[in-house]
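The values are calculated or read from the model by the stated rules, or taken from the named source; none is laboratory data. Since this is a predicted model, take the numbers as computed values, not measurements. With ideal geometry, Cβ positions are generated from the backbone for all residues, glycine too; neighbour counts draw on all protein chains shown. When the accessible area is computed, the model is the full protein with side chains, heavy atoms only, and any ligands, DNA or RNA have been set aside. Shrake-Rupley method; radii C 1.70, N 1.55, O 1.52, S 1.80 Å.
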Amino acid sequence: MRITIRREALGRLTTGKDALLASGAFVGGVLLLLASGYVTWDRDHAPSLQVRLLPLAGLCVGMLLRRTAPATGLGISSAANLLELYVGPSLGGAIIYSDALYAGTVYGPRRAHRGLLAGTVAAGLLTAVTCWALIGDYKVGVIVGAVAGTTWVSPVLTGLIVVEHRDRARAERLRAQQVARLAELDRRGAVNAERARMARELHDVIANHLSAVALHSSAVLKLPDMDRASVTRAMEVIRENSVQGLAEMRRMITLLREGDGADADAPSAPRLSGLERLVAHTARSDLSARLEVAGTPPDLPAAVELAAYRIVQESLTNALKHAGPGRVRVLLEYRPDRVALSVDSPLGRDGARLPGSGAGLIGMRERASVLGGTFTAGPDGGHWRVRAELPVEPVPAPAERETESA
């Protein structure tokens with residue numbers, strides 16, 4: 001227990017490396033004193049070795065605090081250095097004090113850096129002027145000033161350079177962490193965007209075709225006395241939607257497997273030229289659909305054609321599920337700078353024939369927004385109207401405008 005307490009107390013006072021450095025500095029300083037590595041001001045009254053050991057010991061005590069308490073350690077070392085200057089400077093003391101100045105700059109408070117540099121410069125000049133005045137020879141003053149500058153000013157300048165590089169390295173680490181964090185956010189955003197795109201495609205591929213299959217199969221089951229022609233037509237619609245659903249599912253699986261290398265303009269992708277066939281197969285016993293095309297079809301990008309097709313497809317599916325008896329009017333207008341879509345279906349009076357989750361409206365709005373277009377959906381008189389306008393040239397990061405009422 002006593003050993004543990006002593007080690008903890010020593011850890012608070014200094015570090016193992018500093019204790020080892022201080023011990024080695026004291027041994028080296030003693031050896032330099034024994035080798036007469038010091039200056040004697042008055043040879044008739046030369047101080048003894050025991051007297052010279054006092055400032056050396058003070059300098060080594062200050063070295064113990066170079067990391068744990070650098071300001072205190074520098075203060076003790078400075079007092080010991082003044083005492084050594086009075087007794088007679090030694091080579092070992094000069095080396096140890098230069099380390100104290102370096103440690104005070106590197107590990108000490110930042111607000112003291114300028115004061116420490118100014119203080120060492122002033123002390124070096126004062127020492128040079130004092131020697132010049134006392135001895136009367138400017139050459140001695142220049143030499144003493146150069147030695148003082150090397151011993152006192154150089155360690156501080158070196159410490160400032162180390163601090164600057166350390167701060168720069170810390171800033172670079174922080175910048176690298178921020179870049180990595182931004183990259184992770186970008187990756188998550190890309191993953192979320194891809195999930196949303198996959199959700200739209202899955203909804204269009206599966207929900208639309210299965211809704212048509214469910215509606216027509218329910219009609220066949222609920223009306224056992226349906227004539228042969230109606231049953232045949234319903235089965236043709238069921239088969240057509242099943243085949244198309246499988247084909248589009250295979251196309252989507254191919255896109256997912258091939259990744260970015262897949263051709264977005266593949267012939268199997270739905271196009272506006274197939275709207276007439278889509279509208280022709282959208283029918284109930286009490287509901288029919290009609291397609292009207294205005295303008296000359298231009299050469300549209302594949303993304304615009306796919307988005308327009310999916311919006312019409314989803315609107316027709318919603319009409320089959322929710323619309324009342326009557327006729328669905330699909331208007332496709334080709335304008336010079338955009339494609340305008342309008343799907344009007346009669347409002348249902350008896351509620352929805354099939355349940356819905358609301359994902360269709362969300363998907364249509366997202367498709368129009370991604371291309372920089374507009375989308376509106378809501379009741380208009382006795383009809384439910386869906387309108388969308390898609391620019392011929394897709395605009396990245398569009399401002400979405402959507403008005404929807406329940």
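Quick look at the numbers
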item: Computed E for Ala171/Val129 - FRET, C-beta separation, R0 41 angstrom, nearest 0.05; result: 0.50
item: Kirkwood Rh and Cα Rg combined as Rg over Rh, evaluated for segment 73-134; result: 0.99
item: Length released on extending from Val30 to Ala199, taking residue separation times 0.36 nm less the Cα-Cα span; result: 52.8 nm
item: Magnitude of the charge dipole, segment 129-259, Cβ model with Lys/Arg +1 and Asp/Glu -1, debye to 20; result: 180
item: Distance in nm between pseudo-label sites at Ala302 and Val191 (7 Å out along the Cβ direction from Cα); result: 2.7
item: Relative contact order %, the chain, counting alpha carbon pairs below 8 Å whose residues are six or more apart; result: 9
item: Segment 313-352 and segment 31-75: distance between their alpha carbon centers, rounded to Å; result: 97
item: Positive-end residue of Leu361, Ala19, Thr130, charge dipole of the chain with Cβ unit charges; result: Ala19
item: Accessible carbon and sulfur surface of segment 209-254 relative to its total accessible area, %, 1.4 Å; result: 64
item: By accessible area with a 1.4 Å probe, ligands and nucleic acids excluded, highest first: order of His281, His165; result: His165, His281
item: Charge-dipole axis of the chain as Lys and Arg at +1 and Asp and Glu at -1 on Cβ define it, positive-most pick from Ala340, Ala171, Leu65; result: Leu65
item: Helical mean residue ellipticity (222 nm; -39500 (n - 2.57) per DSSP H run of 4+; nearest 500) of the chain; result: -21000 deg cm²/dmol
item: Largest-first ordering by accessible area, 1.4 Å probe, given options Ser285, Ser23; result: Ser285, Ser23
item: Residue-normalised accessible area of the chain, given per residue in Å² at a 1.4 Å probe; result: 58
item: Amide N proximity, segment 267-302 versus Leu246 label position 7 Å along Cα-to-Cβ, cut-off under 18 Å; result: 268-269
item: Net dipole in debye of the chain [+1 Lys, Arg Cβ; -1 Asp, Glu Cβ; about Cα centre; nearest 20]; result: 1300
item: Spin-label pair Arg181/Trp41, simplified geometry with 7 Å Cα→Cβ offset, distance in nm; result: 5.8
item: Hz values of 3J(HN,Hα) by residue in segment 89-104 - Karplus curve (6.51, -1.76, 1.60), Gly and Pro given as x; result: x, 10, 5, x, x, 5, 5, 5, 5, 4, 5, 5, 5, 4, 5, x
item: Segment 1-172, relative contact order [Cα under 8 Å, separation at least 6], %; result: 20
item: Nonlocal amide H pairs with Arg335, under 5 Å, H built at 1.01 Å; result: Ala340
